Amino acid sequence: MKVLGIFGSPRRQGNSDTLMKAFLQGAAEAGALVEEIFIRDQKISPCLEIYHCFKDGTCPIKDEMRGLYDKLLEADVVALGSPVFFYSVSAQAKAMIDRTQALWARRYVLKDDFPGGNRQGVLLCTGATKGRLLFVGSRLVAKYFFDAINVRYAAEVLVQARDLGLRLAQGEVLGPIKMDPLAV
Ligand SMILES: Cc1cc2nc3c(=O)[nH]c(=O)nc-3n(C[C@H](O)[C@H](O)[C@H](O)COP(=O)(O)O)c2cc1C
């Protein structure tokens, strides 16, 4: 069992890093082969929209994304960690995700054989403020990222802890929570 943890925050040891570390610790305890990718330490250009990938499913940009494509295809579980930045994922995470357009092209344009959908995707996301829609943007990005690499969006941990404490302490009545993890 290979579990790939993608740390998407620019901040070291921040909130989403903490979530991801805990998640990967659990996976390691269960015997998984865990790999950590810190996007902030990698040179990953944004997509340049050359559309070379539509021809052969590869991206001509020579940077560290090249080492990530196979890992994304080989992992049984892909976990994406990111803070909410302006109602989306971080720019670092988004650049990596946009570059998976090459895999999307393999899957949907070239219709190549693709590693199967028994693989699972997990979003670990942290935000600071309040708002019912705080995670909507990040969840949609994650949903289509996981679709591009053909993993099933299986679970998510969305943390809004400071705001939650504030609201409950002010007497706000919350819930009941929706149990459909993909309901946005
Ligand atoms: C550029 C930037 C944009 C942010 N945008 C939002 C936002 O739209 N909504 C929100 O609740 N928090 C926002 N935040 C706060 C972070 O989501 C929050 O502090 C998060 O827990 C940081 O996670 P990290 O420690 O893993 O980086 C933003 C922070 C930064 C630096």
Quiz prompt | Residue pairs meeting the criteria (Cβ under 8 Å; at least 6 apart or on separate chains; first within 11 Å of Leu73 (Cα to Cα), in region 113-127; second acidic (Asp, Glu)) | solution = Pro115/Glu74; Arg119/Asp76
Quiz item: Quick check: is even one residue across region 108-121 within 12 Å of the ligand (Cβ to nearest atom), at pLDDT 95 or above and farther than 29 Å from Gly31 by Cα?
Solution: no
Quiz item: Residues of region 1-36 being without any contact (Cβ under 8 Å) to a residue 60 or more places away in the chain, open to solvent by 80 Å² or more (accessible area, probe 1.4 Å) and closer than 17 Å to Val159 by Cβ, which ones?
Solution: Gln13, Thr18, Lys21, Gln25
Exercise. Report those helices (runs of 4 or more DSSP H) wholly inside region 57-138 carrying at least 1 residues which are surrounded by 21 or more Cβ atoms within 10 Å (Cβ to Cβ) and touching a Phe, Trp or Tyr at 6+ places or on another chain (Cβ under 9 Å).
Key: 91-99, 101-104
Practice problem: Could you check how many residues of region 139-149 are open to solvent by 30 Å² or more (accessible area, probe 1.4 Å) and either away from the ligand (no atom under 16 Å from the Cβ) or not in a helix (DSSP H, G or I) (or both)? | Solution: 3
Practice problem: Check region 33-54 and report whether any residue there is of a type outside the set (Phe, Trp, Tyr), assigned to a helix (DSSP H, G or I) and away from the ligand (no atom under 16 Å from the Cβ). | Solution: yes
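The values are calculated or read from the model by the stated rules, or taken from the named source; none is laboratory data. Values in this document were obtained by computation on a predicted structure and should not be read as measured data. In this analysis, Cβ positions are derived from the backbone assuming ideal geometry, glycine residues included, and neighbour counts consider all displayed protein chains. Just so you know, the surface numbers come from the protein's heavy atoms only, side chains and all, with ligands and any DNA or RNA stripped out. Shrake-Rupley method; radii C 1.70, N 1.55, O 1.52, S 1.80 Å.
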